[in-house]
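The values are calculated or read from the model by the stated rules, or taken from the named source; none is laboratory data. What you see is a predicted model; the values in this text were computed from it and never measured. Note: ideal-geometry Cβ built from the backbone for every residue, glycine included; neighbour counts use all protein chains shown.
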Amino acid sequence: MENSVEKDIYILGIESSCDETAASVVKNGREVLSNVISSQIALHTLYGGVVPEIASRKHIEKINQVIDQALTDADVTLQDITAIAVTYGPGLVGALLVGVSAAKAISFATGIPLIGVHHIEGHISANYIENKELEPPFVCLVVSGGHSHLVIVRDYGKYEIIGRTRDDAAGEAFDKVARAIGLGYPGGPKIDKLSNEGNPDAIHFPRAKVVGSDYDFSFSGLKSAVLNYINGCKMRNEEINTADVAASFQKAVVDVLVEHALAAVKEYGMDKFAIAGGVASNAHLRKAFEDSCAARKIEFYHPSPIFCTDNAAMIGVAGYYEYLAGTRSGYDLNAVPNLKLGER
């Protein structure tokens, strides 16, 4: 999509849906001028996962500093900003409220238009940052700690979800298995690293299919199978090779994600495929998609790891296309923790 307006459009993006307080300035939809992220991972590691109340308090402490830093890094002021884009769902309600409140306050004080952005739309839009040539339509797999969505991107801002998790999201399963084998939080990167030392074919874990829903995912049974394997070994006093467990579990997840996604690409007649979300930074998943897409002559797109995990640049990009489409939010914009993609 060409920028139909000659004047440059600057979007201030704000993201606070979980445990990253982030702000970014994006120029004309694809040029990231700043991307500031204040992560709480070290703090939540003490508890083995994200504690919503603590996350909300930390967002309150950091939000103004992060926004100021994003403007400074981009060498702009609020007078230069065309619109403010903020994540308003899905996510942790208390965390979301901090970003939404900050965005509304700035909009009210300055008169800058406000745009509420769906968090998953942000993840999908992260692919536009480094892949300037990427345009809809394409198939996108969004995999993170809270989401496993297979989406047909019909156009900017127009999405059709054809598959989703019925229970645990892929990233959630990674965290739970990592905890079970003693790796701690966050589980995804630790399992990815440990898997390099293990045999992915050492243990056969199940690959679940959802009857009647070819593109839906289910990782709860896989997680239970890993826990049962570990408990069985302990009862028999058998040594557990954690690297083999990690590699075999990861392969089971990757196999299902690749199979479902590429089946959708074929059925819907697409020649472009993208991944997004925190789990999209998993090296084994990327390699599996690179190989599979190359063999099928499918163009494969993925963001750099910094744009896979929660960030505000992706919200700024999504906000740009929503701005061009005429989307504007009122001061009654509220946090919607269970917001569905495509809803407003």
Select from segment 241-293 the residues that are of a type in the set (A, V, I, L, M), outside any helix (DSSP H, G or I) and under 23 Å from Arg166 (Cα atoms) and list them in ascending order.
Ala274, Ile275, Ala276
Does any residue in segment 85-100 that is closer than 12 Å to Ala22 by Cα come within less than 7 Å, Cβ to Cβ, of a residue that is acidic (Asp, Glu) and assigned to a strand (DSSP E or B) six or more places away or on a different chain, and which pairs are these?
Thr87/Glu15; Gly99/Glu15
Just a yes or no: is a residue in segment 315-336 touching a Phe, Trp or Tyr at 6+ places or on another chain (Cβ under 6 Å), in a helix (DSSP H, G or I) and under 24 Å from His59 (Cβ atoms)?
yes
Per the list (1) in contact (Cβ under 8 Å) with a residue 60 or more places away in the chain; (2) among the hydroxyl-bearing types (Ser, Thr, Tyr); (3) within 30 Å of Gly187 (Cβ to Cβ), residue check on Thr82 breaks on (3)
I'd like to know if segment 207-225 contains one or more residues that are of a type in the set (Phe, Trp, Tyr) and at pLDDT 95 or above.
no
Considering segment 215-240 alone, what residues qualify as being part of a loop (DSSP other than H, G, I, E, B) and free of Cβ contacts under 8 Å to residues at least 60 places away in the same chain?
Asp216, Ser218, Arg236, Asn237, Glu238, Glu239, Ile240
Hits in segment 32-50 (condition: closer than 9 Å to Asp19 by Cβ and outside any helix (DSSP H, G or I)):
Ser39, Gln40, Val50
Filter result for the condition that a residue is out of contact with any helix residue (DSSP H, G or I) (no Cβ under 8 Å at 6 or more places or on another chain), at pLDDT 95 or above and not assigned by TED's automatic domain parsing to the domain that holds Ala169, over Ala105, Ala85:
Ala105
Taking the criterion of being modelled with pLDDT of 95 or more, touching a strand residue (DSSP E or B) at 6+ places or on another chain (Cβ under 9 Å), in the same structural domain as Ala170 (by TED's automatic domain parsing) and charged (D, E, K, R), would at least one residue in segment 297-318 satisfy it?
yes
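Could you say whether any residue in segment 162-178 is assigned to a loop (DSSP other than H, G, I, E, B), more than 17 Å from Gln250 (Cβ to Cβ) and in contact with a strand residue (DSSP E or B) (Cβ under 8 Å, 6 or more places away or on another chain)?
yes
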If you check Gly48 against the conditions, is it more than 17 Å from the chain's Cα centre (by Cα), at pLDDT below 95 and either surrounded by 23 or more Cβ atoms within 10 Å (Cβ to Cβ) or outside the structural domain of Lys190 (by TED's automatic domain parsing) (or both)?
yes
Have a look at Gly212, Gly163, Gly198 and point out the one that is free of Cβ contacts under 8 Å to residues at least 60 places away in the same chain, crowded, with 17+ Cβ neighbours inside 10 Å and over 21 Å from Thr87 (Cα atoms).
Gly198
When the residues of segment 135-161 are filtered to those that are among the small types (Gly, Ala, Ser) and not in a strand (DSSP E or B), which remaining residue is modelled with the highest pLDDT?
Gly157
